[in-house]
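See below for the structure under consideration.
The values are calculated or read from the model by the stated rules, or taken from the named source; none is laboratory data. Treat the numbers as computed from the prediction; the structure is a model and nothing was measured. So basically every Cβ, Gly included, is an ideal-geometry build from the backbone, and we count neighbours across all protein chains shown. These accessible areas exclude ligands, DNA and RNA; they are computed on the full protein's heavy atoms, side chains included. Shrake-Rupley method; radii C 1.70, N 1.55, O 1.52, S 1.80 Å.
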Amino acid sequence: MQTTPRRILVTSALPYANGPIHIGHLVEYIQTDIWVRFQKMRGHECYYVCADDAHGTPIMLRAEQEGISPETLIERVNAEHQADFADFGIVFDNYHSTHSDENREISELIYSRLNAGGYISRRSVRQAYDAEKEMFLPDRFVRGACPVCKTPDQYGDSCENCGATYSPSELLDAVSVVSGTAPIERESEHLFFRLGEFESFLKSWLEQHDLQAGVVNKLEEWFEAGLKDWDISRDAPYFGFEIPGESDKYFYVWLDAPIGYFASFKNYCDKHDIDFDAFVNKDSETELYHFIGKDIMYFHTLFWPAMLHGAGFRVPTNVFVHGFLTVDKQKMSKRRGTFVMARTYLEHLNPEYLRYYFAAKLAPNVEDLDLNLEDFQQRVNSDLVGKVVNIASRCAGFINKKFDGTLASEFDGVNLIEEVASAADAIATFYESREFAKAMREIMRLADRANQYIDDKKPWQMAKDASLSEQTHQVCSTGIALFRLLMIYLKPVLPATAEKAESFLNVSPLRWADVTGDVTGHPINKFSPLMQRVERKTVAAMVEASKEGESMSSKPTNDEAQVAADNTISIEDFQKIDLRVGKIIDAVQVEGADKLLQLTIDLGEGKHRNVFAGIKAAYEAQTLLGRNVVVVANLAPRKMRFGVSEGMVLAAGPGGEDIFLLTVDEGAEPGMPVK
């Protein structure tokens with residue numbers, strides 16, 4: 001068993017301070033928390049820090065929409081995040097914010113050192129600019145059709161359909177998601193981090209550290225493509241830190257976000273008299289690990305170590321990358337009710353169910369993790385309730401009622417106890433290497449052995465025979481001793497259940513070294529149920545509540561618009577829709593479009609609207625002249641490839657030739673409301 005103490009600093013990616021935590025986020029934080037708890041149980045000096053990623057355009061705009069300051073917004077979200085994490089048993093030694101004095105200080109220090117070292121360059125760039133809002137637009141605040149596959153409504157940096165990457169200026173029919181207007185291009189001078197200068201160092205770092213195979217392969221692809229300079233500045237207006245010596249220039253959120261790891265730890269060190277420099281200086285012998293999702297690998301395996309090295313700081317010992325969460329093999333969906341917020345889950349289910357299920361599926365790779373809701377219910381009920389907790393519940397009653405709540409001075413199943421205790425090193429190796437699924441399988445194998453022992457001995461039958469009293473005592477005490485060992489192994493995953501078990505067992509907080517402890521003759525307390533079965537109706541209620549919940553967005557990987565994804569609306573929302581009678585006064589085919597007709601619609605009082613409608617397969621243009629149709633009159637204009645559409649005509653049918661316009665009696669006047 002390893003006894004040499006280690007000094008370890010651990011971080012998880014910083015959740016964006018623009019929305020709530022959902023179960024997809026929790027894959028990372030639960031995984032990290034399990035690993036940290038294991039290290040602490042082993043007696044290592046291990047610190048787990050995190051913070052809210054609190055800068056960027058989305059936060060500035062959301063605060064503006066809510067009529068509050070960005071500081072008020074991030075303070076509120078920070079409190080919500082910390083409450084969600086705490087209720088899932090995720091314990092940080094320190095949780096901070098990137099909008100902090102410590103982060104400003106370290107960001108400016110790293111920048112100044114990089115600048116002095118010649119690693120910062122400047123040049124003019126042409127960017128998308130929203131003339132109405134008078135602001136430059138981050139790539140993800142521009143949307144339009146992909147220039148490669150022509151899929152509409154794509155981000156300004158990459159296509160979700162074909163995977164192509166491009167600049168916002170290459171989008172077809174581009175619009176600003178802030179104002180809905182077409183962006184223009186405007187020139188601005190920006191600052192760049194010269195990443196290419198660090199290619200040799202990064203390759204050396206890659207060779208010297210045991211990164212995951214999937215990460216190594218991706219890094220080699222990036223090296224082969226060539227490392228490009230990284231734009232680290234943003235123009236005002238922007239919520240973040242101003243760049244020293246520059247006018248109206250701010251650090252790009254992705255520069256100061258990872259620095260937030262150090263800032264949070266410095267905040268902790270200052271409060272607890274810990275030598276911060278011993279963990280972050282370039283000669284540090286401490287260990288530094290980052291747990292992140294695969295979507296932000298580029299920042300953490302290229303920019304971050306290069307920045308640290310260039311500024312004279314230590315680099316990460318390793319970066320542990322995980323995949324995304326799917327539910328029933330599909331992306332999380334609000335329509336299906338599988339886009340579950342952390343708080344919604346907590347209102348229905350025990351958080352340790354999810355902690356265990358994730359642990360039972362996690363491996364040290366970059367593959368996605370699937371939450372199968374039926375398997376989730378069955379696995380929790382079978383493993384935790386049916387196997388582990390069942391051991392204690394089958395034995396504790398006899399100890400309390402017949403033997404004054406005290407374990408026997410000798411145990412019957414000594415060999416089995418030794419077998420289970422001897423698995424500690426193997427299970428520890430699984431935890432250390434983040435092979436949590438293998439650890440859970442081994443623990444459940446041991447739980448099966450314990451239950452088989454109890455089944456074979458049948459203490460409920462032995463207890464009926466007074467002559468077998470001592471043997472009954474020894475058998476049930478063996479069961480409790482086995483349960484204690486299993487709870488040591490499961491404590492990193494089930495901290496709250498372990499705490500209840502410690503109270504029942506009448507022991508101090510369990511440590512890994514306690515597997516060798518002797519509990520013969522030890523008094524225990526009355527047993528109370530430690531965990532309830534998962535009911536199918538409870539899972540269904542959580543799913544239903546998620547369908548009904550408000551639309552929330554997941555953590556952006558860079559500046560991006562927050563797009564509502566809820567497919568239901570309230571009656572209040574429906575009442576906002578202005579349906580009116582419109583008369584088609586002109587209709588023409590759209591050159592180059594397979595499905596569209598361009599309609600000119602009279603809405604009365606001299607108001608004419610230009611509307612593009614995908615009804616070409618069902619109607620000849622000239623047959624529509626003079627028809628009264630139902631029009632969504634207050635729909636925001638949308639710039640399309642062929643022009644701006646200023647409304648929508650309502651139709652029904654499966655599509656193609658089977659489309660039927662909703663028409664209104666010819667006597668109705670254009671502009672009349674439709675009820």
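What to note about this one:
One line per residue, one yes/no per condition, for (1) in a helix (DSSP H, G or I); (2) touching a residue at least 12 places away in the same chain (Cβ under 8 Å); (3) under 19 Å from PHE38 (Cα atoms):
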residue	(1), (2), (3)
ASP448	yes, yes, no
ASN451	yes, yes, no
GLN461	yes, no, no
SER469	yes, yes, no
THR472	yes, yes, no
VAL475	yes, yes, no
GLY479	yes, yes, no
LEU485	yes, yes, yes
PRO492	no, yes, yes
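- Taking each residue of segment 614-631 that is modelled with pLDDT under 85 and looking for partners that are of a type outside the set (Asp, Glu) and assigned to a loop (DSSP other than H, G, I, E, B) with beta-carbon atoms closer than 6 Å, six or more apart or interchain, yields ALA617/GLY656.
- Strands (runs of 3 or more DSSP E) contained in segment 597-649 and holding at least 1 residues within 39 Å of the chain's Cα centre (by Cα): 608-613, 628-632, 638-640, 643-645
- Filtered by the rule that a residue be assigned to a strand (DSSP E or B) and open to solvent by 50 Å² or more (accessible area, probe 1.4 Å), segment 207-249 gives a lone residue, GLU242.
- For segment 250-276, filtering for residues that are at negative phi and outside any helix (DSSP H, G or I) leaves 6.
- Hey, THR338 surrounded by fewer than 20 Cβ atoms within 10 Å (Cβ to Cβ), outside any helix (DSSP H, G or I) and of a type in the set (Val, Ile, Thr) or not: no
- Conditions (1) under 31 Å from the mean Cα position of the chain (by Cα); (2) at pLDDT below 80; (3) surrounded by fewer than 19 Cβ atoms within 10 Å (Cβ to Cβ); (4) part of a loop (DSSP other than H, G, I, E, B): number failed by GLN532: (2)
- For the residues GLN65, GLN31, the requirement of being touching a helix residue (DSSP H, G or I) at 6+ places or on another chain (Cβ under 8 Å) and either among the polar types (S, T, N, Q) or without any contact (Cβ under 8 Å) to a residue 12 or more places away in the chain (or both) singles out GLN31.
- Subset of segment 352-381 [within 18 Å of the chain's Cα centre (by Cα), surrounded by fewer than 21 Cβ atoms within 10 Å (Cβ to Cβ) and farther than 26 Å from ASN318 by Cα]: ASN372
- For first residues located in segment 370-399 and touching a residue at least 40 places away in the same chain (Cβ under 8 Å), partners that are assigned to a helix (DSSP H, G or I) and open to solvent by 30 Å² or more (accessible area, probe 1.4 Å) and lie 6+ apart or on another chain with Cβ distances below 7 Å form the pairs GLN377/ARG536; LYS387/ASP448.
- Inside segment 68-116, residues that are open to solvent by 40 Å² or more (accessible area, probe 1.4 Å), over 13 Å from ALA51 (Cα atoms) and outside any helix (DSSP H, G or I) make up a count of 2.
- Qualifying residue in segment 170-192 (condition: hydroxyl-bearing (Ser, Thr, Tyr) and either assigned to a loop (DSSP other than H, G, I, E, B) or open to solvent by 40 Å² or more (accessible area, probe 1.4 Å) (or both)): yes
- Restricting attention to segment 208-223, the residues that are under 11 Å from PHE320 (Cβ atoms) and not acidic (Asp, Glu) total 3.
- For segment 627-644, filtering for residues that are farther than 16 Å from MET672 by Cβ and open to solvent by 30 Å² or more (accessible area, probe 1.4 Å) leaves 9.
- Residues of segment 29-43 that are under 12 Å from VAL10 (Cα atoms) and not basic (Lys, Arg): TYR29, GLN31, THR32, ASP33, ILE34, TRP35, VAL36, GLN39.
- Taking the numbered list (1) open to solvent by 30 Å² or more (accessible area, probe 1.4 Å); (2) part of a helix (DSSP H, G or I); (3) more than 30 Å from PRO15 (Cα to Cα); (4) not acidic (Asp, Glu) in turn, LYS438 passes all entries but (3).
- Within the span defined as segment 145-157, one or more residues are under 28 Å from the mean Cα position of the chain (by Cα), crowded, with 18+ Cβ neighbours inside 10 Å and of a type in the set (A, V, I, L, M, F, W, C).
- Looking only at residues of segment 280-309 that are among the β-branched types (Val, Ile, Thr) and in a helix (DSSP H, G or I), we find that the one that is farthest from ALA13 (Cα to Cα) is VAL280.
- Index of the failed condition, THR317 passing every other in (1) open to solvent by less than 30 Å² (accessible area, probe 1.4 Å); (2) under 30 Å from TYR252 (Cβ atoms); (3) modelled with pLDDT of 95 or more: (1)
- For MET444: the one exception among (1) out of contact with any Asp or Glu (no Cβ under 6 Å at 6 or more places or on another chain); (2) part of a helix (DSSP H, G or I); (3) not polar (S, T, N, Q): (1)
- Members of segment 32-61 found to be more than 23 Å from ALA263 (Cβ to Cβ) and either part of a helix (DSSP H, G or I) or among the polar types (S, T, N, Q) (or both), listed by number: ILE34, ARG37, PHE38, MET41, LEU61
- GLU132 surrounded by fewer than 18 Cβ atoms within 10 Å (Cβ to Cβ) and part of a loop (DSSP other than H, G, I, E, B): yes
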